[in-house]
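This report refers to the structure that appears directly beneath it.
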Amino acid sequence: TEWREDVKKALLRAGKDGVQTVFLFSDSQIVMESFLEDINNVLNAGEVPNIWDMSDIDQICMAVRPLCQAEGIAITKQNMHERFLS
């Protein structure tokens with residue numbers, strides 16, 4: 001959905017591109033209950049479950065790999081994903 005794509009773009013900008021991001025959302029914008037669930041997941045876990053497809057994951061890994069190497073973090077998909085979320 002358009003909502004999920006917007007959330008995905010915001011998460012990519014913050015996690016992959018390192019852009020400080022503010023996500024402003026008011027209660028009047030809750031059109032579907034799933035919006036609130038997604039926001040809750042972002043606040044609690046840093047992401048929305050099942051939002052990333054394989055091309056997104058590859059893009060994230062490519063962007064985060066140099067950061068992991070510079071920080072001495074082992075290069076695994078799990079570690080790169082955790083670095084993306086941090």
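The table below gives the values:
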{"quantity": "Whole-Å distance, taken between Cα centres, linking region 47-64 and region 1-28", "calculated": "14"}
{"quantity": "Within a Gaussian network of the chain (alpha carbon springs, distance under 10 Å), most fluctuating of Ile73, Ile30, Ile51", "calculated": "Ile30"}
{"quantity": "Compactness of the chain - radius of gyration and Dmax, Cα, Å", "calculated": "13.9, 45"}
{"quantity": "Rg(Cα)/(2.2 N^0.38 Å) for region 15-58, N = residue count", "calculated": "1.33"}
{"quantity": "Label-point separation in nm, Trp3 to Glu71, each point 7 Å along Cα→Cβ", "calculated": "3.1"}
{"quantity": "Around Asn50: net Lys/Arg minus Asp/Glu count, Cβ-Cβ under 13 Å", "calculated": "-3"}
{"quantity": "Neighbourhood net charge (13 Å Cβ-Cβ; Lys/Arg +1, Asp/Glu -1) for Asn40", "calculated": "-4"}
{"quantity": "For the chain, calculated [θ]222 nm from helices alone, where every DSSP H run of n ≥ 4 adds -39500 (n - 2.57)", "calculated": "-20000 deg cm²/dmol"}
{"quantity": "Solvent-accessible area of Thr76 with every protein chain in place, 1.4 Å probe, in Å² to the nearest 10", "calculated": "60"}
{"quantity": "Selected from Asp17, Asp38, Asp27 as most flexible by GNM, with the chain as the system and alpha-carbon contacts under 10 Å", "calculated": "Asp27"}
{"quantity": "Angle in degrees between helix 33-45 and the longest Cα principal axis of the chain, rounded to the nearest 10", "calculated": "30"}
{"quantity": "Accessible area expressed per residue, region 1-79, with surrounding protein chains retained (probe 1.4 Å, Å²)", "calculated": "71"}
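The values are calculated or read from the model by the stated rules, or taken from the named source; none is laboratory data. Remember, it's a predicted structure, so these values are computed and weren't measured experimentally. Reconstructed Cβ throughout: ideal geometry from the backbone, glycine too, with neighbour counts over all protein chains shown. Quick note on the areas: whole protein, heavy atoms, side chains included, nothing else; ligands and nucleic acids left out. Shrake-Rupley method; radii C 1.70, N 1.55, O 1.52, S 1.80 Å.
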